[in-house]
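Below: the structure, in structure tokens.
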Amino acid sequence: ARYWDRFFRQRGQRPFEWYGAFPELCPVLHKYVRPRDKVLVVGCGNSELSEQMYDVGMCEDIVNIDISDAVIRQMQERSGSTRPKMSYLLMDMLQMDFPDAHFQVVLDKGTLDALLTDEEEATIAKVDQMFAEISRVLQVGGRYLCVSLAQAHVLKKAVEYFSQEGWVVRVHQVASSGEKQQFVLPVFVYVMTKFRKIPGSAPQILEICPEEQDKPMRMESAEQLVAAVKDRQHYALLCSQISKTPCREQVSLDLCDKESGKPRYTLHVIDSPLVKPSRDNHFAIFIIPQGRETEWLFGTEEGRRQLAASAGFGRLLTVALHREQHYEGMAGIQVELSGKVMELAPPGLPARQQVPFLSVGGDIGVRMVRHCDTSPLSGEYVVEDVKGDGSCYFRRLVFLRNRNVVQSEARLLPPTPFQGQKKRRKDKKKPSPTEPPGAIDKSYLCCEHHKAMVAGLCLLGGPDALPGELAVLVVGLGGGSLPLFVHDYFPQARVAVVEIDSSMLEVATHWFGFSQGDRMQVHISDGLDYVAKLSAEAPAQYDAVMFDVDSKDLTVGMSCPPPAFVEKPFLQKVKSILKPEGVFVLNLVCRDAQLKESVLATLRDVFPLLYARRIEGEVNEILFCQPSPEGRCDPAELGARARALEGALRQPGQPWDSSYMLADMLQAVHIL
């Protein structure tokens, strides 16, 4: 009390509001304070809040209490004659003189925050006493409204105390008035509604109302509610920071759907310090077309930096759209995002500056989810058709645990005239311009690393031709495009595929045109076990062994293959099942430089001859490993072999894509 007496004497008549001006709080207070309610304001200080509520007619029967005699006398002098129905009393809220169930509303603006400064035992005891007194003087159905900055320990204490008493707890984020705020952090109002405590374990009702919506979102636990508030605090801090200074690193965040709470947009903020600012190039929004968020330009930090520099704006905000969501075209997205993106505007943006929305081709792209399921091994996955450049469509397999990585991809063939006529006769409508064809183009390898893996098979033959019979083992099926291509373009090849996940065989068969036959067999088995068994029972039988298998463990800095596949004892088993002149082709995806160097050292210990081919714009590196150093080729000879292989593969009647310049695929190969 002595502290507050001294504080208010020094401050004089100037109101001390801390945070939460009346215009900002008014929309929330109007929901929970009725004109006939009897309202108690605890720790009123010399705030104008009660006076403003009285003056606008929100409520008149207001009792204000405080432990500072100085401030109570000041407020009595200020309001006594002009607001006769409102009173100010000197009283300690920890020991109130009011009878039980005397008020419909208890209002607290910053008082809990001032009391709960730490989590010491004495402090917690005072807070428990405060809550018990508030509970005592409130009627059943009454509301305790607490205006707070929602520090985690303060919010957690309030939520846990009142939810355990059987009260309904709702947290409102107060909408900013747009004027310069004293605090960067947003203001919240906890609304605790008193219910009679039901014996036993009644379900807790915990809700949050973000500032942009009226409909509350249900939370499962106090921890989830605290985390939701913390998300909004972090966002406010982020907006404040990047509105004052350029981003040194790329900033990313998810904007979630109001109904489901699932991510709807993923935003990246990229600043280009070399762009000279002018009135029209401060800020732009770039909408990434659906299905193209995995491309290097949009899906990597380096790619987005290049995109921002080429766009010529000081700050570029890229927006990726999520596959589970529905969007109403570019105009709809612009309306939906226009307010939120301005919160991420750069410093120095001129007032009322129009911010352009950009995209590729002016639309949001096409994405159609064809199939969703869950695999016990791979988790949730989707098969989707997306529109690429021009009129091409592609089918993709994506594991949702790593949603920005395309696991498998195949190009779809354009419809034939007969297909189009048949469709029109059936439904008497023109085909939809967004309806993609369904047949898989088996002649086309979408993935650059698959092209490089195929090109590496030229190491098997001399300058003229491949061996007549070709035994190939592929570990990792995915959509099946790699083994299918080898099967179709190497007529003498017998292909064995090992896949640990039976779900992937179903996906490849039903959605990617894969099929088994005399020269193509799939074995559902762990690749480690299968190779170990071959090594023991039938060594030296394969001309080529190809590993294109992903790791399920995302905590390791290597996403392909799993670490066990590149351990020395296992690699020695791989070497043993190769013919002396064979080749082991490995797709390596490793972001950890130290781990990658360790893998390469192990490969060099096992295989005397090792070639490497980096895939431009990707993390993939294709390694060609041979068990004998005698077949070593210089770059010129490799190019000659690749041209010979390409000539052999271009069979009459078989389509051949112009992008398969196998010699070009091996141009950047170097010997390790």
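The values are calculated or read from the model by the stated rules, or taken from the named source; none is laboratory data. Everything numeric here is computed off the predicted structure, so don't read it as measured data. Positions of Cβ are generated from backbone atoms using ideal geometry, with glycine treated the same way; all protein chains shown enter the neighbour counts. Just so you know, the surface numbers come from the protein's heavy atoms only, side chains and all, with ligands and any DNA or RNA stripped out. Shrake-Rupley method; radii C 1.70, N 1.55, O 1.52, S 1.80 Å.
The residue of region 553-610 that is nearest to Gly527 (Cα to Cα), among those that are of a type in the set (Lys, Arg) and in contact with a Phe, Trp or Tyr (Cβ under 9 Å, 6 or more places away or on another chain), is Lys575.
Cβ separations smaller than 9 Å between residues 6+ apart or across chains give the following pairs from region 572-584 residues that are in a strand (DSSP E or B) to residues that are open to solvent by 80 Å² or more (accessible area, probe 1.4 Å) and not β-branched (Val, Ile, Thr): Pro580/Glu630; Glu581/Glu630. Residues that are of a type in the set (D, E, K, R) and open to solvent by 20 Å² or more (accessible area, probe 1.4 Å) occur at least once in region 85-92.
Let me confirm something: among Ile270, Ile285, Ile242, which residue is of a type in the set (A, V, I, L, M), part of a strand (DSSP E or B), in contact with a Pro (Cβ under 8 Å, 6 or more places away or on another chain) and surrounded by 16 or more Cβ atoms within 10 Å (Cβ to Cβ)? Working first, answer last.
Details: Ile270 fails: in contact with a Pro (Cβ under 8 Å, 6 or more places away or on another chain); Ile242 fails: part of a strand (DSSP E or B).
Answer to the selection: Ile285.
Could you tell me whether region 367-381 includes any residue that is in the same structural domain as Cys256 (by the TED database), under 22 Å from the mean Cα position of the chain (by Cα) and aliphatic (A, V, I, L, M)? The answer is no; no qualifying residue exists. Restricting attention to region 166-189, does a residue exist that is more than 26 Å from Ile62 (Cα to Cα), modelled with pLDDT of 90 or more and out of contact with any strand residue (DSSP E or B) (no Cβ under 9 Å at 6 or more places or on another chain)? Yes; the residues of region 166-189 include at least one that is more than 26 Å from Ile62 (Cα to Cα), modelled with pLDDT of 90 or more and out of contact with any strand residue (DSSP E or B) (no Cβ under 9 Å at 6 or more places or on another chain).
Report yes if Ser559 is polar (S, T, N, Q), touching a helix residue (DSSP H, G or I) at 6+ places or on another chain (Cβ under 9 Å), in contact (Cβ under 8 Å) with a residue 24 or more places away in the chain and assigned by the TED database to the domain that holds Arg519, otherwise no. Break it down into steps so the answer makes sense when it comes.
Details: polar (S, T, N, Q): yes; touching a helix residue (DSSP H, G or I) at 6+ places or on another chain (Cβ under 9 Å): yes; in contact (Cβ under 8 Å) with a residue 24 or more places away in the chain: yes; assigned by the TED database to the domain that holds Arg519: yes.
Yes, satisfied.
Within region 313-338, the set of residues being touching a residue at least 40 places away in the same chain (Cβ under 8 Å) and in a loop (DSSP other than H, G, I, E, B) comprises Phe313, Gly314, His322, Arg323, Glu324, Gln325.
Looking at region 226-253, which of its residues are basic (Lys, Arg) and over 15 Å from Leu317 (Cα atoms)? Spell out the reasoning first.
Let us first name the residues in region 226-253 that are basic (Lys, Arg), namely 230, 232, 244, 248.
Answer for region 226-253, where residues must be basic (Lys, Arg) and over 15 Å from Leu317 (Cα atoms): Lys230, Arg232, Lys244.
Leu40 meets the conditions (1) surrounded by 15 or more Cβ atoms within 10 Å (Cβ to Cβ); (2) in a loop (DSSP other than H, G, I, E, B); (3) hydrophobic (A, V, I, L, M, F, W, C) in every case but one. The failed one is (2). What pairs come out if I take residues in region 1-24 that are more than 12 Å from Gly45 (Cα to Cα) and pair them with residues that are modelled with pLDDT of 80 or more and β-branched (Val, Ile, Thr) whose C-beta lies under 6 Å away, six or more apart or interchain? What qualifies is Tyr19/Val187; Gly20/Val147; Gly20/Val187; Glu24/Val174. Criterion applied to Ala508, Ala536 was being small (Gly, Ala, Ser) and touching a residue at least 12 places away in the same chain (Cβ under 8 Å), and the one residue passing it is Ala508.
So which of Val382, Val341, Val398 ends up being open to solvent by less than 30 Å² (accessible area, probe 1.4 Å) and either in a loop (DSSP other than H, G, I, E, B) or in contact with a helix residue (DSSP H, G or I) (Cβ under 7 Å, 6 or more places away or on another chain) (or both)?
Working: Val341 fails: either in a loop (DSSP other than H, G, I, E, B) or in contact with a helix residue (DSSP H, G or I) (Cβ under 7 Å, 6 or more places away or on another chain) (or both); Val398 fails: either in a loop (DSSP other than H, G, I, E, B) or in contact with a helix residue (DSSP H, G or I) (Cβ under 7 Å, 6 or more places away or on another chain) (or both).
Only one candidate passes the filter, namely Val382.
Every test in (1) open to solvent by less than 50 Å² (accessible area, probe 1.4 Å); (2) out of contact with any Ser or Thr (no Cβ under 8 Å at 6 or more places or on another chain); (3) assigned to a strand (DSSP E or B) is passed by Val589 save one, and that test is (2).
Here Met93 fits the description: of a type in the set (A, V, I, L, M) and part of a loop (DSSP other than H, G, I, E, B).
What are the residues in region 603-618 that are surrounded by fewer than 17 Cβ atoms within 10 Å (Cβ to Cβ) and outside any strand (DSSP E or B), if any?
Residues of region 603-618 that are surrounded by fewer than 17 Cβ atoms within 10 Å (Cβ to Cβ), as a first pass: 604-605, 608, 614, 616-618.
Selection gives Arg604, Asp605, Pro608, Glu616, Gly617, Glu618.
Within 28 Å of the chain's Cα centre (by Cα) and at pLDDT below 90, is that true of Arg425? Walk me through it before giving the result.
On the way: within 28 Å of the chain's Cα centre (by Cα): no; at pLDDT below 90: yes.
Against the criterion (within 28 Å of the chain's Cα centre (by Cα) and at pLDDT below 90), Arg425 does not qualify.
Taken over region 103-133, the criterion of being closer than 23 Å to Gln52 by Cα and either open to solvent by 20 Å² or more (accessible area, probe 1.4 Å) or assigned to a helix (DSSP H, G or I) (or both) is satisfied by Gln104, Lys109, Thr111, Leu112, Asp113, Ala114.
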